[in-house]
Amino acid sequence: MIPGRINPRQLRNLMKQFGIQIEELKNVKEVTITFESGEKIHFTRPSVTIIKSQEGEMFQIIGKYELVRESPSEAFTEEDIRIVMEKANVDRDQAIKALKKADGNPAEAIMLILSGEI
């Protein structure tokens, strides 16, 4: 643990002894983190620092962000639409409507159509 106050030069020397380097990235416009679920965390004009050590590199992002969620219409593919059309014997518009209601799940969309809910 580092006691009380330590001056920046001592801190740099201590970090150097442990093999840690810090580098600030300049002129970063935006950073986006994308999850498998389609959600994104979007930073605009963040402060980004790279901390390099023997184990690897770590990025520190500081700034304001917003959580971005994709709409369900973006959560399915053309192949999903085609599958629903073929299996439920419906036109493209009905397949898309069912996929939107089923949050992009083709099997659930087919069930909705076959049960008469769409």
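Readers should treat all values here as calculations from the given coordinates under stated rules, not as data from a laboratory. Here the structure is a predicted model, which means the values were calculated and not measured. In this analysis, Cβ positions are derived from the backbone assuming ideal geometry, glycine residues included, and neighbour counts consider all displayed protein chains.
Ranking I61, G19, T32 by Cα position along the charge dipole of region 8-68, where only Lys, Arg, Asp and Glu carry charges on their C-beta atoms, puts G19 farthest toward the positive end.
Using only alpha carbons, the chain has a radius of gyration to Kirkwood radius ratio (Rg to Rh) of 1.33. Using a cutoff of 8 angstrom between alpha carbon atoms and counting only pairs six or more residues apart, the relative contact order for the chain works out to 16 percent.
When Rg and the Kirkwood Rh are both derived from Cα coordinates, the Rg/Rh ratio for region 8-68 amounts to 1.10. Between region 85-118 and region 1-54, the C-alpha centres lie 47 angstrom from each other. Length gained on full extension, E86 to A107: 6.4 nm, using 0.36 nm per residue less the C-alpha separation.
Summary: within the chain, the longest segment free of GluC sites (Glu not before Pro) located in DSSP loops with at most 14 other C-beta atoms within 10 Å is 71-116.
For the chain, the longest principal axis of the C-alpha atoms and the axis of helix 8-17 are separated by about 70°. Take the residue pairs K40/K87; K64/K100; K40/K100; K29/K100 and return only those whose Cα atoms are more than 24 Å apart. Beyond 24 Å: K40/K87; K64/K100; K29/K100. With one equal scatterer per alpha carbon and no solvent term, the Debye-computed log10 I(q)/I(0) for region 72-114 at 0.13, 0.15, 0.30 1/Å reads -0.17, -0.23, -1.01.
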